[in-house]
1. Which residue is surrounded by the most Cβ atoms within 10 Å (Cβ to Cβ), if the candidates are limited to region 310-327 and must be more than 16 Å from Leu367 (Cβ to Cβ) and hydrophobic (A, V, I, L, M, F, W, C)?
2. In region 147-161, how many are within 16 Å of ligand 2 (Cβ to nearest atom) and more than 27 Å from Leu235 (Cβ to Cβ)?
3. Does Arg251 satisfy the condition of being basic (Lys, Arg) and assigned to a helix (DSSP H, G or I)?
4. For region 108-123, indicate whether the set of residues that are surrounded by fewer than 20 Cβ atoms within 10 Å (Cβ to Cβ), closer than 17 Å to Val194 by Cα and not acidic (Asp, Glu) is non-empty.
5. Out of the residues in region 116-130 meeting the condition of being of a type outside the set (Val, Ile, Thr) and touching a residue at least 60 places away in the same chain (Cβ under 8 Å), tell me which one is nearest to ligand 2 (Cβ to nearest atom).
6. Take Glu351 and decide whether it is away from ligand 2 (no atom under 15 Å from the Cβ) and among the acidic types (Asp, Glu).
7. Pick from region 134-155 the residues that are surrounded by fewer than 23 Cβ atoms within 10 Å (Cβ to Cβ) and charged (D, E, K, R): which of them is nearest to ligand 1 (Cβ to nearest atom)?
8. Scan region 67-79 and tell me whether some residue there is touching a Lys or Arg at 6+ places or on another chain (Cβ under 7 Å) and either at pLDDT 95 or above or open to solvent by 30 Å² or more (accessible area, probe 1.4 Å) (or both).
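The values are calculated or read from the model by the stated rules, or taken from the named source; none is laboratory data. Being a predicted model, the structure only gives us computed values, none of them experimental. All Cβ positions, even for glycine, are placed from backbone atoms using ideal geometry, and neighbour counts span all protein chains on display. These accessible areas exclude ligands, DNA and RNA; they are computed on the full protein's heavy atoms, side chains included. Shrake-Rupley method; radii C 1.70, N 1.55, O 1.52, S 1.80 Å.
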Amino acid sequence: VVGDDHVLTDPDLTAQYARDWTGRFRGSTPVVVRPASTDQTAGILRVCSAAGAAVVPQGGNTGLVGGGVPLAGEVVLSMRRLAWIDPVDRLAAQVSVGAGATLEAVQAHARPHGLEVAVDLAARGSATIGGMVATNAGGLRVIRHGDMRAQLAGIEAVLADGSVLRRMHGLVKDNTGLHFPSLLCGSEGTLAVVTAVRLKLVSVDAEQTVALLCFASLVEAVAAVAELRAWPVPLDAAEVFFADGLALVTRHLDIEPPVPRDAGAYLLIACGGRSDLSTELAAAVAHLSCAPMDIAVATEPRSRAELWRLREAHTEAINAAGVPHKLDVALPAAALAPFADTVRTRVTAVEPGAQVILFGHLGDGNLHVNVLGAEGDDVDDAVLRLVLEHGGSISAEHGIGVAKKQWLELDRSAEELEAFRAIKRALDPQGILNPNVLV
Ligand code: MLT
Ligand code: ZN
């Protein structure tokens with residue numbers, strides 16, 4: 001279907017497709033197939049269906065829950081060659097792209113038109129749009145523009161039997177029955193393989209301001225986000241990290257931070273618009289009921305990037321220190337600080353030598369609990385149960401994958417999971433699509 005050159009069987013070549021980015025999830029595959037078109041994807045799925053061969057679809061392989069790893073010798077369907085990008089539709093502020101286009105490539109394509117994809121994340125150079133849709137990726141700007149699901153104006157996907165669902169005309173209003181972008185986004189490659197996406201675009205902010213606020217505690221940082229939201233300055237991001245993460249990042253990058261190292265919580269906020277909003281932001285910060293202990297502000301691209309780097313480099317700095325258990329969770333705003341206060345104790349109770357590093361998207365109630373030095377799954381169990389005790393969700397933006405599959409029944413009801421399974425059976429009766437994840 002794809003030609004010999006795009007069927008990889010040499011273990012030296014297939015190995016990179018059989019493990020995840022963190023090194024925590026490893027499997028094996030007899031073959032990696034690399035289609036370049038929707039027709040080829042459909043052809044491969046017809047062959048696999050006929051052979052009853054299970055398939056793991058894979059984009060940029062930047063996922064963090066093992067959802068793209070062939071754990072039981074599945075065929076890997078690598079979507080990276082479907083990297084086409086159509087001309088930007090300026091009238092509609094939309095663009096159609098192949099599933100294998102990276103976020104960075106689509107951003108570079110849209111920016112000359114003053115437009116960009118609203119979702120942004122640190123893995124932008126490798127993460128593919130198809131993978132971001134399959135996992136309903138969130139990232140750094142959900143507080144302003146929503147998650148990946150909110151950016152979809154159309155989708156094309158191939159079902160397990162090779163049939164193609166296509167609705168890419170990008171109509172803002174289209175109330176003609178079931179909405180496949182909603183159904184497939186977040187289904188983690190279990191219902192269909194996404195081959196193309198019609199994305200809504202937003203205008204690029206001409207002026208941007210980034211500020212790093214140091215607070216004595218997370219309670220103060222959470223309160224600050226709530227107060228800042230009430231100001232007429234649209235927050236683009238409200239990110240959090242802590243002194244232990246800052247220490248790891250500055251050591252990893254060999255840099256000195258522009259703020260003291262011993263704050264109780266660091267809140268990175270960004271805002272942007274047509275004009276410079278730094279004066280409005282400064283006024284909003286000056287009115288906070290709990291004044292920050294220290295502040296660093298950046299309006300120039302270079303200094304903004306330096307502040308962002310302190311937050312974005314957490315992932316690579318943690319990975320450089322070991323193989324982390326990554327637990328991406330969501331909590332109600334009022335539960336963020338109580339959860340953060342307890343989680344370290346819960347983890348060290350089951351794994352005394354473990355190190356817990358927290359960071360995340362405070363404005364979305366989304367914390368990333370990273371645990372270094374954990375052997376088995378006990379820490380995952382302790383953290384996820386604590387999340388549920390606090391009324392949270394066991395996955396905010398990374399998905400369930402294989403990493404959290406065993407805890408899904410604690411979070412979703414038996415009736416919900418049976419509905420998941422019924423949909424799965426209807427669309428993939430043989431169960432060949434990404435069989436190790438979700439249900
Ligand atoms: C992030 O927020 O940086 C990403 O979700 C990646 C991660 O959690 O490590
Ligand atoms: Zn994140």
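1. Result: Leu310.
2. The total comes to 0.
3. Numbers: basic (Lys, Arg): yes; assigned to a helix (DSSP H, G or I): yes.
Considered against the rule, which asks whether it is basic (Lys, Arg) and assigned to a helix (DSSP H, G or I), Arg251 comes out as yes.
4. Looking through region 108-123, none of the residues is surrounded by fewer than 20 Cβ atoms within 10 Å (Cβ to Cβ), closer than 17 Å to Val194 by Cα and not acidic (Asp, Glu).
5. Ala122
6. When the stated conditions are applied, Glu351 passes them.
7. Asp147
8. yes
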